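The values are calculated or read from the model by the stated rules, or taken from the named source; none is laboratory data. Please read these numbers as outputs of a predicted model, since none were measured by experiment. Here the Cβ is made from the backbone with ideal geometry for all residues, glycine too, and neighbour counts use every protein chain on show. Heavy atoms of the whole protein, side chains included, go into the accessibility calculation; ligands, DNA and RNA do not. Shrake-Rupley method; radii C 1.70, N 1.55, O 1.52, S 1.80 Å.
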Amino acid sequence: MKYYSLVHLKNYRFVPGAITLILLFLTFTHAMSEQKPGQLVVFNTLDSGQFTSNDATLSLIENEAIRGIAVKSRDGNQASLVIKPLKCTPWDLTDVYTLKASVTNLASHSTQIAMYVGLDPDPLMRWYCSDYVDLKPGETKTITVQLTWLPWVHRPPFQYTGMRGTPGCEKTPREAIQQISFSVRYPESQNYYSVNRIFSEGTTEFRDTSGFFPFVNEFGQYAHDYWIGKIETKKALADVVESEIKQLSLANVNPEIDKYGGWLKGPRFTATGSFYPVKHEGKWWLVDPDGFLFWSAGVNCVSSQSVFTVITGRESYFSKLPKKSATSAPFFDERFDRTKPDAKMLLFNHFEHNLYLALGNDYLPKFRELTHNRFKNWGLNTIGFVSDQVLAAQHKTPYVGAVWIRNTRKIEGSSGYQGKFHDVFDADFEKNVRTSVEAQKFGANDPWCIGYFVDNEMSWGGAGSLSLATLSSPADQPAKRAFIADLRKKYATIAKLNLAWHSGYSSWDDMLKATQVPNETYARDDLNRFYDQICRKYFQTVHDELKRVAPNQNYLGCRLAWAQNDITLRAAAEYCDIISFNKYEFSVQDVTLPEGVDKPVIIGEFHFGSTDRGFFHPGVKQSENQTERGQMYQKYIQSALRNKLIVGAHWFQYIDEPITGRADGENYNVGLVDVCNVPYPELLNKVKATCNNKYTYRSTNN
């Protein structure tokens, strides 16, 4: 490439605007000559305005291994980078299947780098157009984001309802993609990374929509594809389950496991008749009711009732649905439509209908017995969150209880994926917690019940965030009145608070009525202090009410999904017996707690899914195929077994979600078994190999 400067052009005469045109032309030819096939961005200058960051310093980097743009955070922040196309080289992604980016961790500590493609107005779709990688110091990996759900799209496009992953559709309009952004997930210290290459890979095939409907066969499977093991007749449906039942009856019982799934060959501790945590040789474990070490390998949603899909308004999706009759009635359900409160919608459960076709009228008792036998054979020992209580009450497999705190007043200024946060200062909060626990106390004082998860994936936000939400709430918000009363005790006068916060309230009453939040920089200490009060009041109230009803069960926490701040974690550690996290990661080996906190941890959810067998959405963490699902399961569980804090990990979930979506549209390939109750052999081979060896592995690996 030959480079030019204005010096070389000094002897030429230009008309007005010509220099600008020449510079644009040279920039364009330079970029085009540097650009490789599929490459979206050329990193050769920072002066084009193509790269921006509001919290990091950017620089070009080039050495033998890397040529790209380096991003260094100014503090412990996300180190964001936003890249947009140049006007002279616009992006055309209208037929692109995947975008990829090579990134390198230049910091001296491990980190996670995320890439977001586009800026879809729907936060859920924005999330689906993203992914991230775990990076050790100096490590380089490639982030991959698919722009369509499958490698083909419909022409003309079709608008589905009630499904998150949709066949033949884009995740976000590809012609509208005008930015790609990067950031560090959960930053704790100064971060430093580079983006080395951004490129497209693969193009989508265009298919006609004619003849596509119905696309769900009589068994609830995708009709327009074939895969090994696909059920195509009622006889095959019955034969496969009959064969599995026979194989399980001939399988050897693991001689190292007691009736609870504890480790007979390990050291024995005091038998209290209940599960409890213990620290042994530097690692946290559970102890089962008979005194043997126990590590909880579990599965969530172990229930044939967890997989209904909506029929109303989508009748054309399905072929050969049975007519509603006395025989088929158990497989139908009616529920109120969330979007139309006065309207009802009809749902159908293909999974239970398939059980009936395969096992006959007594399909539920047979399915429950099969599930217990599977768990023993597969090395699983815990029936997880929101599962079949009849199954749990049979006392063949330990289980966890589930409690949802209901009917509480919420902090109006709060928000989050799971809704607004409880106002723990409301006068009725304690009463509502007590009523909720009493109504959902199944498992109380049962030796087979390990403990209770209470609530799920609450919107804790970052440190101080719920305090800001409180201040943006109406004047009658109990939490807001409590916060301002607390501030009055500290500052005495509004003038002193204004001085500290750099605010301009005319009075305490003015502050109560105001909904504009203060400058976080100046108010941070007070925001964090009140946030700590919210956290502690929540955990203490739940702890006290739970222990009043079930003193022999463990309080397993609230299944933290996004809360990574020390304030929440320290409060949880003070009142929970075991802290729970829903961790959709590739590994949890490095999961830690704040400095000085030593408490057992349990993983409430994780999974890996694929679209290789009739699915349109893989789930939260994607794998290439069923074989890789098994490999990823093994790596995840073994990473948990190596972590000294972790006493268990529960897969989400037992049965695949319907391909047409559950009631909220989620349609993930996350089951250990499919809609026909057939286990995925590649996945289960790794589950069995990993979980049947979990005690030896944990005791011999760090």
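Numbers below:
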read-out: Residue count, the stretch 78-90 (criterion: touching a helix residue (DSSP H, G or I) at 6+ places or on another chain (Cβ under 9 Å), of a type outside the set (Val, Ile, Thr) and within 14 Å of Gln179 (Cα to Cα)); value: 2
read-out: Cβ-Cβ under 6 Å pairs, at least 6 apart or on other chains, the stretch 103-122 side modelled with pLDDT under 95, far side of a type in the set (A, V, I, L, M, F, W, C); value: Thr111/Leu135; Thr111/Val184
read-out: Condition broken by Met632, with the remaining ones in (1) part of a loop (DSSP other than H, G, I, E, B); (2) without any contact (Cβ under 8 Å) to a residue 60 or more places away in the chain; (3) among the hydrophobic types (A, V, I, L, M, F, W, C) satisfied; value: (1)
read-out: Check on Arg536, open to solvent by 50 Å² or more (accessible area, probe 1.4 Å) and touching a Phe, Trp or Tyr at 6+ places or on another chain (Cβ under 9 Å); value: yes
read-out: Subset of the stretch 240-256 [open to solvent by less than 100 Å² (accessible area, probe 1.4 Å) and under 36 Å from the mean Cα position of the chain (by Cα)]; value: Val240, Val241, Ser243, Glu244, Ile245, Leu248, Ala251, Asn254, Glu256
read-out: Answer residue from the stretch 516-532, given it is of a type outside the set (Phe, Trp, Tyr) and surrounded by 20 or more Cβ atoms within 10 Å (Cβ to Cβ) and is farthest from Ile578 (Cα to Cα) among those; value: Pro518
read-out: Test: Thr541 is under 22 Å from Glu188 (Cα atoms) and in contact (Cβ under 8 Å) with a residue 12 or more places away in the chain; value: no
read-out: Residues located in the stretch 232-248, provided they are without any contact (Cβ under 8 Å) to a residue 60 or more places away in the chain and of a type in the set (A, V, I, L, M, F, W, C); value: Ala236
read-out: Scan of the stretch 150-160 for residues that are at pLDDT 95 or above and open to solvent by 10 Å² or more (accessible area, probe 1.4 Å), ordered by number; value: Leu150, Pro151, Trp152, Tyr160
read-out: Selection within the stretch 539-591 - surrounded by fewer than 19 Cβ atoms within 10 Å (Cβ to Cβ) and among the hydroxyl-bearing types (Ser, Thr, Tyr); value: Tyr584, Ser587
read-out: Residue count, the stretch 259-287 (criterion: within 33 Å of the chain's Cα centre (by Cα) and not in a strand (DSSP E or B)); value: 8
read-out: Residue check for Lys100: part of a strand (DSSP E or B) and either of a type in the set (A, V, I, L, M) or open to solvent by 80 Å² or more (accessible area, probe 1.4 Å) (or both); value: no
read-out: Residue that is surrounded by the most Cβ atoms within 10 Å (Cβ to Cβ) [pool: residues in the stretch 635-679 that are over 26 Å from Trp127 (Cα atoms) and without any contact (Cβ under 8 Å) to a residue 60 or more places away in the chain]; value: Asn643
read-out: Residue in the stretch 103-140 that is most open to solvent (accessible area, probe 1.4 Å), counting only those that are assigned to a loop (DSSP other than H, G, I, E, B) and small (Gly, Ala, Ser); value: Ser108
read-out: Filter result for the condition that a residue is within 28 Å of Thr408 (Cα to Cα) and of a type outside the set (A, V, I, L, M, F, W, C), over Lys490, Lys441; value: Lys441
read-out: Residues that are assigned to a strand (DSSP E or B), farther than 30 Å from Asn349 by Cβ and open to solvent by less than 10 Å² (accessible area, probe 1.4 Å), drawn from the stretch 170-222; value: Ile180, Phe182, Val184, Tyr193, Ser194, Val195, Ile198
read-out: Some residue of the stretch 441-462 being over 26 Å from Asn552 (Cα atoms), open to solvent by 20 Å² or more (accessible area, probe 1.4 Å), touching an Asp or Glu at 6+ places or on another chain (Cβ under 7 Å) and part of a loop (DSSP other than H, G, I, E, B); value: no
read-out: Enumeration of residues in the stretch 470-487 that are open to solvent by less than 10 Å² (accessible area, probe 1.4 Å), of a type outside the set (Ser, Thr, Tyr) and touching a residue at least 40 places away in the same chain (Cβ under 8 Å); value: Leu471, Gln477, Ala479, Phe483
read-out: From the options Lys234, Lys265, Lys259, residue that is of a type in the set (Lys, Arg), touching an Asp or Glu at 6+ places or on another chain (Cβ under 6 Å) and surrounded by fewer than 20 Cβ atoms within 10 Å (Cβ to Cβ); value: Lys265
read-out: Every pair of residues 6+ apart whose Cβ atoms lie under 8 Å, when the first sits in the stretch 45-74 and is touching a residue at least 60 places away in the same chain (Cβ under 8 Å) and polar (S, T, N, Q) while the second is open to solvent by 50 Å² or more (accessible area, probe 1.4 Å) and in a loop (DSSP other than H, G, I, E, B); value: Ser73/Gln190
read-out: Given (1) under 18 Å from Tyr116 (Cβ atoms); (2) open to solvent by 40 Å² or more (accessible area, probe 1.4 Å), index of the condition Ser59 fails; value: (1)
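Residues are listed down the side, and each one gets a yes or a no for (1) surrounded by 18 or more Cβ atoms within 10 Å (Cβ to Cβ); (2) assigned to a strand (DSSP E or B); (3) modelled with pLDDT of 95 or more:
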residue	(1), (2), (3)
Lys344	no, yes, no
Glu352	yes, no, yes
Leu355	yes, no, yes
Phe367	yes, no, yes
Ser387	yes, no, yes
Ser415	no, no, no
